[in-house]
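The structure appears below as structure tokens.
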Amino acid sequence: MLLDVGNFRRLRFLTIWVAGLLSFACAVMTLALQTSSSTQQPATGAVSQPATTAPAGQSATSTPQPSAPGLQTSPGGLNVVVLDAAHGGTDTGARGTGGIQESDLTLEFAAAAERALEQQGFQVLQTRQGNNNPSFDDRSAIANAQRAAVFITLHVASTGIPGTVRVYVNSDLPPVTLANGFIPWDRAQAPYLGLSRKLGDLVQGMLTQQFKGSPDAAQTATIRQLRTTAAPAIAVEVSSVLVNDRADLDHMAPGVADAIARGVAAFKPLYVTASTGGALP
């Protein structure tokens, strides 16, 4: 059977036209779907993070936690005094009539000195505040840990003229520096002996004004508590536990405290910080 060429051509044209129309329609639908999808989905990599809402009354930024309270020291300036009430615990120290114990009296004198020093603007640390007995090294370590401090150990003697007070500084200690540049623990006082003498003389002068018959200048002695202290350090010794009435010693506490505070205040301009193993002026 022979084909009708005219009809075939018309049919072929119609088929091509319909196919083109369908292709165009498909293209339009595909473009519409892609456009709709792009408006509904976020772009890759732009992931939204949930906003962090701070509680009412607080800032959204983190607030640093406050540090534990501590002593604030001025660089190169003296403002800390470490008071050492000697003895304590089972070590009662000197004992007098009527049950007087040195360890009890030194706590009383230390408390009075603390109040007087604070009135002069100093910050005070005490090596003990109860009936305990820290080791010599523990007491020294409190002063050695401070950047700018002096150390005062308080004693009540069983000798001496009652109603008088003496100040001691440690005997000479030749400076020794180890190969690593450190000073041996038992020679810690050596670089500070010059400053200790100045502090001792000033405090002794104030005490002599208050308590007649006391020496005019600080004396030297070998004192275990001072030897391991890396700061200007003195011992203050009140006489004596042999008084008949403890009230006589109690009445001395304010005067001793005032003299210590005024002596330390007078020493403050002379204070310098040790930076080498050599002796300080």
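The values are calculated or read from the model by the stated rules, or taken from the named source; none is laboratory data. As the structure is a computational prediction, the values presented were derived from the model and not from experiment. No Cβ is skipped: glycine too gets one built from the backbone with ideal geometry, and neighbour counts run over all protein chains shown.
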Given the condition touching a helix residue (DSSP H, G or I) at 6+ places or on another chain (Cβ under 6 Å), aliphatic (A, V, I, L, M), touching a residue at least 24 places away in the same chain (Cβ under 8 Å) and closer than 20 Å to Arg115 by Cα, answer yes or no: does some residue in region 191-200 qualify? yes
Would you say Leu202 is at pLDDT 95 or above, hydrophobic (A, V, I, L, M, F, W, C) and either surrounded by fewer than 23 Cβ atoms within 10 Å (Cβ to Cβ) or closer than 29 Å to Val238 by Cβ (or both)? yes
Condition first: at pLDDT 95 or above and among the small types (Gly, Ala, Ser). Now tell me which residues in region 144-170 satisfy that. Ala145, Ala149, Ala157, Ser158, Gly160, Gly163
Pairs with Cβ under 8 Å, 6+ apart, first in region 155-166 and closer than 17 Å to Asp104 by Cα and surrounded by 17 or more Cβ atoms within 10 Å (Cβ to Cβ), second among the aromatic types (Phe, Trp, Tyr) and at pLDDT 95 or above: Val156/Phe109
When region 205-228 is checked residue by residue, the ones that are among the charged types (D, E, K, R) and crowded, with 19+ Cβ neighbours inside 10 Å are Arg227
Across region 246-256, what is the number of residues that are of a type outside the set (Asp, Glu) and surrounded by fewer than 21 Cβ atoms within 10 Å (Cβ to Cβ)? 6
Give region 112-146 a look and list any residue that's within 20 Å of Gly88 (Cβ to Cβ), crowded, with 16+ Cβ neighbours inside 10 Å and of a type in the set (Gly, Ala, Ser), or say none. Ala112, Ala113, Ser140, Ala141, Ala143
Considering each residue of region 85-138, count those that are in a loop (DSSP other than H, G, I, E, B) and either β-branched (Val, Ile, Thr) or within 24 Å of Arg224 (Cα to Cα) (or both), and give that number. 18
Which count do you get for residues in region 83-103 that are within 11 Å of Leu154 (Cα to Cα) and over 26 Å from the mean Cα position of the chain (by Cα)? 2
Listed by range, strands (runs of 3 or more DSSP E) wholly within region 161-253 having at least 1 residues that are under 28 Å from the mean Cα position of the chain (by Cα) are 165-170, 233-239
Pairs needed: first member in region 68-94, at positive phi; second member anywhere, at pLDDT 50 or above and assigned to a strand (DSSP E or B); C-beta distance under 9 Å; at least 6 residues apart or different chains. His87/Gln101; His87/His155; Gly93/Gln101; Gly93/His155; Gly93/Val156
